[in-house]
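Quick notes on the structure that follows.
The values are calculated or read from the model by the stated rules, or taken from the named source; none is laboratory data. Because the structure is a prediction, the values reported are computed rather than measured. Virtual Cβ from ideal backbone geometry, glycine too; neighbours counted across all protein chains shown. Each accessible area value is taken on the protein alone, full model and side chains, heavy atoms only, with ligands, DNA and RNA left out. Shrake-Rupley method; radii C 1.70, N 1.55, O 1.52, S 1.80 Å.
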Amino acid sequence: MTFHVGTSGWSYDHWRGGFYPEELAKSRWFDFYAERFNTVEVNATFYRRFKDSTYRKWDDRAPEGFRYVLKVPRLISHRHKLHDVTGLITEFTRSASLLGRKLGLLLLQLPPNMPYAPERLDAALQAFESPSRVAVEFRDERWLCEEILALLRARGANYCNPDDPEHALSDIVTGDTGYLRLHGRRTWYADNYTDEELRDIAETAHRMRQRGAKEVYIFFNNDYAAYAPHNAAALSCLI
């Protein structure tokens, strides 16, 4: 399975009626989602810690071949800003490993006010059991340079290509896995991708595959009005 297409989260109340059937119990939403997509980006792990039993439940509920991508806790990225976080990373990766084969990647998003400190990023990547299972999303232009791309390549980590009003979609590949995170081209989180734009995204994903990516993860983060699942479904037909 080369291409993994899904959305950033699945439990949005405003998707009822727009994506989830009105009569479908919320407890069945994930099952409905997993019948249509082969991956999901879990943003909830960014905000709070979950019990081991929750990870085991996620593992049990997902079908074979499904992949979770977990967002690294903000305690690591935004509060500590990658400073002295080895213990925190070890604790998080132990929990994530409970997903077994259904764990795809870990998404490490750096905050806009993160000091430019490549040595911190390097130390953090090495703290992960397998840096090749980490994708990094940068929110500051200072980090978008050859020094950082070379660092990611050296560690086998993966560059997250964002698509948003401030960044045009790129096809950078630094590891074995390509990553596209689609926030909306004209408006953050509330932009419905056109058919032409979806074809452009599909072509970008195929270029990443040709450039050496063994897998490509593609997530729509435009949750407003259930644009994300509809865009993801349309793209799945194009990939």
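Carbon and sulfur: what percent of the range 1-67's accessible surface (1.4 Å probe)?
46 percent
P(r) for the chain: what percent of alpha-carbon pairs falls in each 5 Å bin, starting at zero?
Pairs per bin, as whole percents: 1, 6, 14, 19, 20, 18, 13, 6, 2, 0, 0.
Enter the accessible area per residue of the range 63-114 (Å², integer; probe 1.4 Å; all protein chains in place).
That works out to 41 Å² per residue.
From the mean inverse distance of alpha carbon pairs (Kirkwood) and the Cα radius of gyration, derive Rg over Rh for the range 12-113. Can you show the working numbers first?
Values: Rg = 15.2 Å, Rh = 14.9 Å.
Ratio of gyration radius to Kirkwood radius: 1.02.
Can you tell me the relative contact order of the chain? Whole percent, Cα pairs under 8 Å, sequence separation 6 or more. Mind dumping the intermediate values first?
Numbers: 436 pairs, mean separation 49.0, N = 239.
Relative contact order comes out at 21 percent.
In whole Hz, with x marking every Gly and Pro, tabulate ³J(HN,Hα) for the range 140-147 from phi via Karplus 6.51 cos²θ - 1.76 cosθ + 1.60, θ = phi - 60°.
Each residue's phi maps through the Karplus curve to give 9, 4, 4, 7, 8, 9, 5, 4 Hz.
List the GluC sites (Glu not before Pro) within the range 10-113 that DSSP assigns to loop and that have no more than 11 neighbouring Cβ atoms inside 10 Å.
E22, E23, E35, E64
What's the magnitude of the charge dipole for the chain around its Cα centre, counting Lys and Arg as +1 and Asp and Glu as -1 at the beta-carbon? Answer in Debye, nearest 20. Write out the running numbers ahead of the final one.
Numbers: 32 positive and 33 negative charges, 160 e Å.
About 780 debye.
Please give, to one decimal in nm, the separation of the simple spin-label points placed at E35 and E129, each 7 Å out from Cα toward the Cβ.
With each label placed 7 Å out from Cα toward Cβ, I get 3.3 nm.
Just the number, please: carbon plus sulfur as a percent of the accessible area of the range 116-157, 1.4 Å probe, no ligands or DNA/RNA counted.
Roughly 47 percent, rounded to a whole number.
When the expected Rg is taken as 2.2 N^0.38 Å, what fraction or multiple of it is the alpha-carbon Rg of the range 87-211?
Values: Rg = 15.2 Å, N = 125, 2.2 N^0.38 = 13.8 Å.
Dividing the Cα radius of gyration by 2.2 N^0.38 Å gives 1.10.
Report the one residue of A34, F92, I239 whose Cα lies farthest in the direction of the positive end of the charge dipole of the chain (charges on C-beta: Lys and Arg +1, Asp and Glu -1; origin at the Cα centre).
Positive-most Cα among the choices belongs to F92.
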